[in-house]
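K.L.:
Before I ask anything, let me first share the structure, which is written out below as structure tokens.
The values are calculated or read from the model by the stated rules, or taken from the named source; none is laboratory data. These numbers come from a predicted model, not from an experiment. Quick reminder, even Gly has a Cβ in these numbers, built from the backbone with ideal geometry, and neighbours come from all protein chains shown.
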Amino acid sequence: MTGVMTIFSFLIGVAAAFFVTCALYILTRPDRTHFQTVLGRIFVVWALLSVKDLVLAFPGMYRQPVLDVVFLIDGWSVATFTVFLMEIVRPGWTDVTKLLLVLLPFWANTVVYFVWPAGRHGIILVYTWMLVAFALAILAVGFVTTRRHIKYVRANFSNIDNIDVLWLRQVFFFFIAGQLLWLGVSFASNPAADCCYYVVTLAMWMMVLRYGYNFRPIVMQPVEPVDESEAEPRQYSFAGQVERVIKEESLYLNPNLTLMDVAKRVGTNRTYMSEYFSRVLQDTFYDYINRLRLENMSLPTMREHPEFTLEHVAQISGFNSMSTFRRAFTKHTGRSPGQWRRERLAGCDE
């Protein structure tokens, strides 16, 4: 047990140092957004929660009464997941009132636990089921809103770097694993299980730091009204004009081109334009623009100028990052840019 407790104490120290470093790294950033400020404060909370666990490393402290108190305080961390998720899908959601409402049931259970010693066992059970219900609610809301957000981003933007939330699916996986481990630890009272929980938790927040450091939340605009009296199939007055304008004016080379830009250019609204892409062109705006970038600029340039670097090709084609360029290229050709170039050069040499 001594060896396991040593590892447990080490991981607590690592976690505390990690969260403090992350908080300083983000909160001292001069150009941080509101979301990043909130994320930095969440790291501060987790640093305090980690330091609190150091009490368990002292001799004689890893026992059930102390573990119950730690369990109650750890439950407050669920509020950080709520705030984190809501700030992604609804920027600016967090305020003092909402935060207090989220924390109220956790604080209430903690207070009742201390003022009613005879009912502590029952309080822990109620608290546990409340946490399970809260976590399931977070996941349900998270999956629904994330799916909606991903669809919205791809329907409205050609550059989704730093605004896409596809990475949240991986975070949800670690969240589920972490919560299951945490519940298991709470009932098993095993330092080895605690160590596993810390490893999973650190992995999850490392992923959050990786994607959240440059993440820029967007406000999803409401759907504009559509004339329901129009007969089906809907007739679009700008049919054909959209494709022509985008190609002839090389709008696809604008790395920050949006659906609204195109809608304004042809004199319609975002709703009709979005319908046109999905119903007529049967493609998302994001995929359509990236395909034009590849077909009209990237691939011809790579054929005519094999000496150009892939970074240069991506830049002149309207891609804001190499990662987006590689994903789009691989999806379109079935091969990575480097592989496509090597195969072409090998074919020319034969």
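K.L.:
Only one of (1) assigned to a loop (DSSP other than H, G, I, E, B); (2) at pLDDT below 85; (3) among the hydrophobic types (A, V, I, L, M, F, W, C) is not met by Phe215, so which one is it?
P.N.:
Among (1) assigned to a loop (DSSP other than H, G, I, E, B); (2) at pLDDT below 85; (3) among the hydrophobic types (A, V, I, L, M, F, W, C), Phe215 violates only (2).
K.L.:
Let me ask something else about it. Quick one: in the stretch 304-348, of everything that is of a type in the set (A, V, I, L, M) and loosely packed, with under 12 Cβ neighbours inside 10 Å, which residue is modelled with the lowest pLDDT? Steps first, answer last, please.
P.N.:
Start the filter on the stretch 304-348 by keeping residues that are of a type in the set (A, V, I, L, M), which leaves 310, 313-314, 316, 322, 328, 345-346.
Pick out the ones that are also loosely packed, with under 12 Cβ neighbours inside 10 Å and you get 345-346.
On the way: Leu345: 77, Ala346: 74.
Checking each candidate, the answer is Ala346.
K.L.:
State all residues of the stretch 55-113 that are in a loop (DSSP other than H, G, I, E, B) and over 26 Å from the mean Cα position of the chain (by Cα); if no residue qualifies, say none. Break it down stepwise before answering.
P.N.:
Looking only at the stretch 55-113, we keep the residues that are in a loop (DSSP other than H, G, I, E, B), and these are 58-63, 76-77, 90-95.
Correct list: Phe58, Pro59, Gly60, Met61, Tyr62, Arg63.
K.L.:
Filter the stretch 294-350 down to residues that are of a type in the set (Lys, Arg), closer than 23 Å to Ser158 by Cβ and in a helix (DSSP H, G or I), then give me how many there are. Reasoning before the result, please.
P.N.:
Step one: list which residues in the stretch 294-350 are of a type in the set (Lys, Arg), which gives 303, 326-327, 331, 335, 341-342, 344.
With closer than 23 Å to Ser158 by Cβ added as a condition, the list becomes 326-327, 331, 335.
Still in the running and in a helix (DSSP H, G or I): 326-327, 331.
Qualifying residue count, the stretch 294-350: 3.
K.L.:
Next question, about the same structure. Identify all residues within the stretch 13-26 that are closer than 19 Å to Leu85 by Cα and either of a type in the set (Phe, Trp, Tyr) or surrounded by fewer than 17 Cβ atoms within 10 Å (Cβ to Cβ) (or both); write none if there are none. Show your work before the answer.
P.N.:
Taking the stretch 13-26 as the starting set, the residues that turn out to be closer than 19 Å to Leu85 by Cα are 19, 22-23, 26.
Scanning the stretch 13-26 gives a single hit, Phe19.
K.L.:
Looking at Phe157, Phe172, which one is of a type outside the set (Gly, Ala, Ser) and either surrounded by fewer than 20 Cβ atoms within 10 Å (Cβ to Cβ) or outside the structural domain of Ile12 (by TED's automatic domain parsing) (or both)? Can you show your working first?
P.N.:
Values: Phe157 fails: either surrounded by fewer than 20 Cβ atoms within 10 Å (Cβ to Cβ) or outside the structural domain of Ile12 (by TED's automatic domain parsing) (or both).
Unique residue meeting the criteria: Phe172.
K.L.:
Tally the residues that are surrounded by 16 or more Cβ atoms within 10 Å (Cβ to Cβ), of a type in the set (Phe, Trp, Tyr) and either touching a residue at least 60 places away in the same chain (Cβ under 8 Å) or under 15 Å from Phe172 (Cα atoms) (or both), restricting the search to the stretch 121-151.
P.N.:
Residues flagged as surrounded by 16 or more Cβ atoms within 10 Å (Cβ to Cβ), of a type in the set (Phe, Trp, Tyr) and either touching a residue at least 60 places away in the same chain (Cβ under 8 Å) or under 15 Å from Phe172 (Cα atoms) (or both) within the stretch 121-151 amount to 1.
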